[in-house]
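The values are calculated or read from the model by the stated rules, or taken from the named source; none is laboratory data. If you're wondering where the values come from, they're calculated on a predicted model, not measured in any experiment. Neighbour counts run over all protein chains shown; Cβ positions are idealised from the backbone, glycine included. Each accessible area value is taken on the protein alone, full model and side chains, heavy atoms only, with ligands, DNA and RNA left out. Shrake-Rupley method; radii C 1.70, N 1.55, O 1.52, S 1.80 Å.
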Amino acid sequence: MIATILYVFELVTFFLFLGIMIARWVIYPHVAIRRAMTDPDELGAYAIPPIALMTIASLTIMQVSDSWGGHAFMLVGYVLWWIGVIWVFLTAVVVLTTLFYTGNQVDRVMTPILFMAPVGLATAGAEAGFITIYGYGMSARLAVPQSD
């Protein structure tokens, strides 16, 4: 019961903060661009939403598909995981390229938030294994692209 409550809480907070982030880029794009180009912590934090999406995907597979939903929710989690993988890969490329291009990460002490993009890529691999093992009705045809 507690796991289900936390799962729903994670869904609500994910979409709430994603909406806030999108609204910020829509309402104040010049401020968002300036902050992303000058503050390495701000830039590194853009890798957090795709990590959260991949976590939601694996929780959907573990909790929802095993408990109530069956194979259909395993497919939902599988698609969410792929969206998260593409998102975190593109984010990692943009974040690391921007950090190296601007050089603003060398002006101060590096904080752990700068490493969120590589952590996101590692999370994708760890959750791929989790999904292929615990996916309800996971076929080899779906599992092979994740494990390669």
From the helices alone, meaning DSSP H stretches of at least four residues, give me the mean residue ellipticity at 222 nm for the chain, per-run term -39500 (n - 2.57), in deg cm²/dmol to the nearest 500.
-25000 deg cm²/dmol
Kirkwood Rh over alpha-carbon pairs of the stretch 31-137 plugged into Stokes-Einstein at 20 °C, 1.002 mPa s gives a D in µm²/s of 147 µm²/s
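Provide the per residue accessible area, probe 1.4 Å, for the stretch 19-148, rounded to a whole number of square angstrom.
Working: 7110 Å² over 130 residues.
Roughly 55 Å² per residue, with all protein chains present.
Pop out the carbon and sulfur fraction of the accessible area of the chain as a percent, whole number, probe 1.4 Å.
Details: 6530 of 8560 Å².
C and S fraction of accessible area: 76 percent.
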Tilt, helix 71-102 to longest principal axis of the chain (alpha-carbon atoms), in degrees rounded to tens, equals 20 degrees
Could you give the length gained on full extension between Val31 and Met1, defined as 0.36 nm per residue of separation minus the Cα-Cα distance, in nm?
6.6 nm
Applying the Karplus parametrisation 6.51 cos²θ - 1.76 cosθ + 1.60 with θ = phi - 60° to the phi angles of the stretch 12-19, what ³J(HN,Hα) value in whole Hz is obtained for each residue in order, glycine and proline being reported as x?
5, 5, 4, 5, 5, 6, 5, x
Spin-label pair Ser67/Glu10, simplified geometry with 7 Å Cα→Cβ offset, distance in nm
1.2 nm
Solvent-accessible area of Phe73 with every protein chain in place, 1.4 Å probe, in Å² to the nearest 10:
90 Å²
Under a plain spin-label model, where a point goes 7 Å from the Cα along Cα-to-Cβ, how far apart in nm are Thr111 and Glu42?
1.2 nm
Using each residue's phi in the stretch 127-135, evaluate 6.51 cos²θ - 1.76 cosθ + 1.60 at θ = phi - 60° and report the 3J(HN,Hα) Karplus result to the nearest Hz, with x for Gly and Pro.
6, 4, x, 4, 5, 5, 7, 9, x
